[in-house]
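**Q** Sharing a structure below in structure tokens format, with a few things to ask.
Please treat every number below as a calculation from the coordinates, not as lab data. The model shown is predicted, which means the values in this text are computed figures rather than measured ones. As a convention, Cβ positions derive from the backbone with ideal geometry for all residues, glycine included, and neighbour counts pool all protein chains shown.
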Amino acid sequence: MADRPPSLLWRFTREHLHRHWPLLLVALALMIIDGAAYAMFAGGVRSLIDDGLLAKSSSALRWVAIFVVALFVVRAVAAFSHRAILRVLGLKVVGELQVRLVAHLLGLDARFYQSHPPGELIERVRGDTTTLQQVITTAIMSLGRDSVSVVAMLAIIVYTDWVWALVVLVGGPLVVLPMAAVMARVRQATKRARASAADLTQTLDEIFHGHKSVRANNRQDHEASRSRLATEVYVGRQSWAEIGQAALPSMIDLMAGVGIAAVLLFGMQDVLSGEKTLGEFATFFAAIGLLFDPARRLSSVVGQLQVASASLERIYGLLAEQPHIVDTPNPQPLARPDGDVTFDDLHFSYAPDKPVLHGLSFTAPAGKMTAIVGPSGAGKSTLFNLLARFEEPDSGRILIGGQDTRDVSLADLRANLALVSQETALFNESLAYNIAYGADFQDARGIEAAAERAQVRSFQPDLETSAGPRGEALSGGQRQRVVIARAIMRQAPILLLDEATAALDSKTEQQIQAALKAASQGRTSLVIAHRLSTIKEADLIVVLEAGRVAESGTHDDLVAHEGAYWRLLQTQQTLA
């Protein structure tokens, strides 16, 4: 992408931190008080020694003590306040960014998800954004408070003796180039570590989601080993980033050691000769000692900014992704959702060398049931993806009521479709919530009726029972019934059933078929079926072979013709 650090950090500040500027200003004021109080303590050392100890003045000592107590009280209140503000602000900003990312990802096409597995996206949304919280809390706090402390300390040491100051800081330029090299290594190591974290999250997602298959195939040790390998790669890469961050404060320590040794050698000579008082030397020495602590923290911030930059590159990389399937400039509502559905000369391929449809054409009559059958890979489910515009055809068009679906807004098109696919997408919510998903959550009567017709009541009378994560609390057939109830409740004019009863036993299938038949009355229904016995009463049966229409007609006509449909029927009867 075009943006590079520090432009990414500035973009993040402009887009997410800027709106919270009143709180940031309050926190900044408190950080200035905190940093200034830290420096004022060093400034009070001279009075403690020259005016109190050496002058043997009890009154001066008492005032110094009162001053120190007041200083630390003020500093404690200021430090607590700005830390609390920045921590809460960090959580809010990261939460806002996560919401923005999720909303953006939900608008992307199916092909994006084919190349970006869930584990990677979870790590981008959670892991990469969480690292930014360090910038908002630790980094901003250090930049605000420690910068004030460093400037104040430098002012004290220069005011006390500028020659001593030069002696102490002479080593500063020597660490600039090494620090720059380390910062570059930290950013690169962090980018690799974040990628490894995404791989690890994806591995864990696959393992936990497929836990039954893992145990059924006795592959626990194999998956544990796969997890260990992914963890080792992540730990190895992250270790380099951590080592780099740890090196930055140590460089400051080396400079501090050289500077302090130098001032001991040169400064004490001035004290012994009487050119400087012991209090001045003590103030200078205290300021030097206190200077390098905030300086170390500031150097750590540099490392944290490199980590944040690496995460921002990945985050803004996601935000730069754009959907390929979008509304036309002036999308129209679907004028006749109850009209014929026509597939006109469709060509489609998921990849240049993998064509799926080859000039496919047929019409599903309005208000009738059209069954689509054929061997695996013939393009049956692809038709549904194209109709819902999850994919776009390479050429050809799809018409509903004579209107090209590409001229219809995506939201309006999908509002007129009710899809039941082989993928039973359920959420860790109540059965009632899952049934009403895409309809009216407040329509209790509609939920009850849909659950009754789809035979959901037969296995769970209480619709407030949770379906479990991904519907894991239910069997495959039970999950399918909940999804069918969802389609019944939507009452969309076009009903798409992709192997809707494949996970049901024969008795339940017959019951559900009766419910679906009643639900499809007056609807244009397209049914993909593997078991041909379930679509004998369809008004039209379309047989696909290698992405083309091999033949079409009613069940009786196709059987009499003894063509592709008859051969499929014979094969199923033989296997039965």
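**Q** Take GLU464 and ASP539, extend 7 Å from each Cα along the Cα→Cβ direction, and tell me the distance between the two endpoints in nm.
**A** It works out to 4.2 nm between the two label points.
**Q** Taking the dipole about the Cα centre of region 300-365, with the C-beta of Lys and Arg at +1 and of Asp and Glu at -1, give me whichever of VAL356, SER309, PRO323 is farthest to the positive side.
**A** It is SER309.
**Q** Less than 13 Å from a label point 7 Å out along the Cα-to-Cβ axis of ASP407: which backbone N atoms in region 336-364 qualify, by residue?
**A** Residues passing the 13 Å test: 336.
**Q** Can you tell me how much longer the chain between SER376 and LEU71 gets when fully stretched, taken as 0.36 nm per residue apart minus their C-alpha distance, in nm with one decimal? Provide the component values of the computation, followed by the final result.
**A** On the way: separation 305, 0.36 × 305 = 109.80 nm, distance 7.82 nm.
Gain on stretching SER376 to LEU71: 102.0 nm.
**Q** Moving to a separate point now. If I model a spin label at TRP162 and THR363 as a point 7 Å from the Cα along the Cα→Cβ vector, what separation in nanometres do I get?
**A** The answer from the label model is 9.4 nm.
**Q** Let me ask you something else. Ranking PHE348, PHE67 by Cβ neighbours within 10 Å, fewest first, what do you get?
**A** PHE67, PHE348
**Q** So, one more: For ILE372, list long-range residues whose amide hydrogen, built 1.01 Å from N in the peptide plane, is under 5 Å from its own amide hydrogen.
**A** VAL527, ILE528, ALA529, VAL542
**Q** Test of understanding: what is the full-extension gain from GLN114 to TRP21, defined as 0.36 nm times their sequence separation minus their Cα-Cα distance?
**A** Additional length available on full extension: 29.5 nm.
**Q** Let me ask you something else. Can you compute the charge dipole magnitude of region 423-537 about its Cα centre, using +1 on each Lys and Arg Cβ and -1 on each Asp and Glu Cβ, nothing else charged? Give it in debye, rounded to the nearest 20.
**A** The dipole magnitude comes to about 340 debye.
**Q** Right, next: Starting from the Cα of TRP240, step 7 Å along the direction of its Cβ; do the same at ASN218; then give the gap between the two resulting points in nm.
**A** Computed distance between label sites TRP240 and ASN218 equals 4.0 nm.
**Q** Here is a follow-up. May I ask you to derive the FRET efficiency for GLU392 and GLN332 from their Cβ-Cβ distance with R0 = 30 Å, giving the value to the nearest 0.05?
**A** Working from the Cβ atoms, E equals 0.95.
**Q** Skipping prolines and chain starts, which residues have an amide H placed within reach, meaning under 5 Å, of the one on VAL420, given they are 5 or more residues away or on another chain?
**A** LEU496, LEU497, ASP498
**Q** Full extension from GLU275 to PHE441: what is 0.36 nm times the residue separation minus their Cα-Cα distance, to one decimal in nm?
**A** Extra length available between GLU275 and PHE441 comes to 51.3 nm.
**Q** Can you give the alpha-carbon Rg of region 341-575 over 2.2 N^0.38 Å, where N counts its residues? Please report the intermediate quantities before stating the final value.
**A** Numbers: Rg = 17.9 Å, N = 235, 2.2 N^0.38 = 17.5 Å.
For region 341-575, the normalised Cα radius of gyration comes out at 1.02.
**Q** Taking only pairs that are 8 or more places apart or on different chains, how many Lys pairs in region 341-575 have Cα atoms under 21 angstrom apart?
**A** Final tally of qualifying lysine pairs is 9.
**Q** Also, I was wondering about something else. Using 1/(1 + (r/R0)^6) with R0 = 30 angstrom and r between the beta carbons of ASP345 and GLN422, what's the FRET efficiency to the nearest 0.05?
**A** Numbers: r = 27 Å, r/R0 = 0.91.
Between ASP345 and GLN422 the formula returns 0.65.
**Q** A further question follows. As a footprinting exposure proxy, order GLU562, GLU120 by other Cβ within 10 Å, with the fewest listed first.
**A** Sorted ascending by nearby Cβ count, the order is GLU562, GLU120.
**Q** For a Förster distance of 60 Å, can you work out the FRET efficiency between the beta-carbons of SER506 and PHE80, rounded to the nearest 0.05?
**A** It comes to 0.30.
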